[in-house]
Amino acid sequence: MSDLDAAWIRLETAAKAAGEKRIVEFFDTEPQRLETLTLDVAGLHLDLSKQAWDEPGLEAALDLAHAAGVEAARARMLGGEAINSSEGRAVLHVALRAKADADIKAQGVPVMAEVEAVRERMKAFAEAVRSGAIKGATGKPFKAILHIGIGGSDLGPRLLWDALRPVKPEIDLRFVANVDGAEFLLTTADLDPEETLVVVVSKTFTTQETMSNAAAARAWLVAALGEEGANAHLAAVSTALDKTSAFGVADERVFGFWDWVGGRYSLWSAVSLSVAVAAGWDVFQGFLDGAAEMDAHFATAPLEKNAPVLVALAQIFNRNGLDRRARSVVPYSHRLRRLASFLQQLEMESNGKSVGPDGKPAQRGTATVVFGDEGTNVQHAYFQCMHQGTDITPMELIGLARSDEGPAGMHEKLLSNLLAQAEAFMVGRGTEDVVAELTAKGVSEAEIATLAPQRTFAGNRPSTLVLLDRLTPQTFGALIALYEHKTFVEGVIWGINSFDQWGVELGKVMAGRILPELEAGAVGEHDPSTSALIERLKK
Ligand code: F6P
């Protein structure tokens, strides 16, 4: 048996044993538990002490990380090796937030000069649009940006904008992603083309949704400003520079990035140009700096004190050790409400794989479903199921230690809910307590027999709590980098390539076949259900 197989078995055995005990009791038997399982990194406080592992469980998880070669894999990624083997690419989103003088190479080729050159151009462009030095075709300054992109070219910038946008932005920022005319219509209805800059973001510049929206935006501009006027309102972000110029974007308005940046890891690049313009360069730079701080921690901290590693191991412990196949991420912060959508792509597109880079089946279950929305709203939606449903779903609860936004007193209420939920998930409420309460109220014994079980909370639901000191560009950058590295560590332990996404191809190809059939052509060969639906829609 290999060391890795043995480590997996130890993890599974330890998890089974821990799963039979109550998390809250680990605090009695492990005096060091809080100290061991809390850490402060880059303005974030992490508390993993309410997780399902006990001391032997944590030890087994750390052994697994060592046996899976997490440290060596980390060195390969940071060293710019082609760890995305199916595409022969390095994985260097860390370079996008590194200082200009960092020594970073992609497969031996230094990258920082190019990274810095694009950053300088982005900064100059952002400042020129904000100051009004760059204007629209009719001489008016830009008051709005229409950001067009999907997936990694949308979710990151959208989250970033919500997280850090000024309360009253000088330049409004709107996003269009879906190939659904309704979204385009609703988003542009109150925009004035004379004052709108359209930024088309697509790594490949071929994505159907983005190119359809880009064509719609161009037509919308042309109708108001004519062909030449429209071009003055376009900018693009892409690795496909030939295609952007064919679309009519002037070369000086095209911002590149590199094949060593995956779409879902690209929000540190020019993909967030719209945000850098609308929120200002300093905000964007702060975001990069916060991530760089998390990168330095991830690169150097020992595994047992490494925040991304511990968050990943908690997930592995739950997923593989305790067979928990979903995880919910709940930010108690309106500004972070889109975090789960972002993580769905980051984690599920990265690690939703069934085979390793050698083409052989993965030996253990990989990515779980991740879902969530903002607290407290979700308490009034799906938390019933989280507290009393038949399945246990581990949680990540995220909050801001301090916030000055909004009316006095509200933030404390938000925080009290966050802490209460984490406690309730772990501690629950025993039947005796419920019985005592009902008895004191004079409820009959017969009624208590049916009511008490319904009002009992089993507890023992694991959660990780992440507290940002405040929501600043820096802490937000650190939070996103934490999740990126967590995703990477999980991929290493599961033995999969986290950086390709072949699973999105099949649907794209089939949609390409169905579109002409829907438009006019003869219906080709499909399964009976799909054929019947196509025929129905053609009528
Ligand atoms: O969903 C597949 C995918 O390739 C993502 O990885 C990517 O973020 C998204 O499509 C958008 O791709 P592009 O930036 O090339 O338009």
Task: Extreme residue, positive dipole direction of the stretch 112-257, given options ILE148, VAL199, LEU159 (C-beta unit charges) - done: LEU159
Open item on the list: Among DSSP bridges having both ends in the stretch 112-257, what percentage is antiparallel? Round to the nearest 5.
Closed with: 5 percent
TODO: Name the residues whose placed amide hydrogens come within less than 5 Å of the amide hydrogen of ILE398, ignoring near sequence neighbours (fewer than 5 apart) on the same chain.
DONE: VAL330, TYR332, VAL466
TODO: Any of LYS486/LYS508; LYS353/LYS508; LYS21/LYS305; LYS99/LYS135; LYS99/LYS143 with alpha carbons more than 20 Å apart? Name them for me.
DONE: LYS486/LYS508; LYS21/LYS305; LYS99/LYS135; LYS99/LYS143
TODO: Just grab the label-to-label distance for GLU405 and THR29, each label 7 Å out from Cα along the Cβ direction, in nm (one decimal).
DONE: 4.3 nm
Task: Per-pair calculated FRET efficiency, R0 = 51 Å: VAL509 and ALA446 via Cβ, rounded to 0.05 - done: 0.20
Task: Residues TRP502, TRP268, TRP8, TRP281 arranged by fewest to most Cβ contacts within 10 Å - done: TRP502, TRP281, TRP8, TRP268
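Quick one: MET211, MET395, fewest Cβ neighbours within 10 Å first, how do they rank? Don't jump to the answer; show the numbers that get you there.
Working: MET211 18, MET395 22.
Exposure proxy ranking, most exposed first: MET211, MET395.
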Open item on the list: I'd like the trypsin sites (Lys or Arg not before Pro) in the stretch 437-477 restricted to DSSP loop residues with at most 15 other Cβ atoms within 10 Å, sorted by number.
Closed with: LYS441, ARG470
Open item on the list: Students often check this: by mean Cβ neighbours within 10 Å, which of 315-322, 494-501 ranks highest, and how do the rest follow?
Closed with: 315-322, 494-501
Open item on the list: Calculate the FRET efficiency for VAL427 and ARG76 from the Cβ-Cβ distance with a Förster distance of 35 Å, rounded to the nearest 0.05.
Closed with: 0.25
- [ ] Please figure out what share of the DSSP beta bridges in the chain is antiparallel and state it in percent, rounded to the nearest 5.
- [x] 30 percent
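If we sort 419-430, 16-27 on the protection proxy, mean other Cβ atoms within 10 Å, highest first, what's the order? Present the calculation step by step, with values, prior to reporting the outcome.
On the way: 419-430: 17.5, 16-27: 16.0.
Most protected by this proxy first, the peptides run 419-430, 16-27.
Quote the Stokes-Einstein diffusion coefficient, in whole µm² s⁻¹, for the chain, based on the Kirkwood radius over alpha carbon pairs, a temperature of 37 °C and a viscosity of 0.692 mPa s.
Values: Rh = 25.3 Å.
D = 130 µm²/s.
Based on the mean of other beta carbon atoms within 10 Å per residue, what is the order of 306-313, 240-247, most packed first?
Values: 306-313: 25.9, 240-247: 15.5.
Packing order, densest peptide first, comes out as 306-313, 240-247.
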Open item on the list: Just to confirm the filter: which GluC sites (Glu not before Pro) across the stretch 146-252 are DSSP coil and have at most 10 other Cβ within 10 angstrom of their Cβ?
Closed with: none
- [ ] Find the centroid of the Cα atoms in the stretch 395-414 and in the stretch 164-197, then give the distance between the two in whole Å.
- [x] 28 Å
TODO: Straight distance only, please: which aspartates and glutamates reach the Cα of LYS413 with their own Cα at less than 14 Å, same-chain residues fewer than 8 apart left out?
DONE: ASP404, GLU405
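Take TYR265, TYR483 and order them by how many other Cβ atoms sit within 10 Å, fewest up front. Numbers along the way, then the final one.
Numbers: TYR265 26, TYR483 21.
Final ranking by Cβ density, sparse to dense: TYR483, TYR265.
No lab work stands behind these numbers, since they all come straight from the coordinates. Note that the structure is predicted; figures quoted are calculated from it, not measured. Here Cβ is always computed from backbone atoms with ideal geometry, including for glycine, and neighbour counts include all displayed protein chains.
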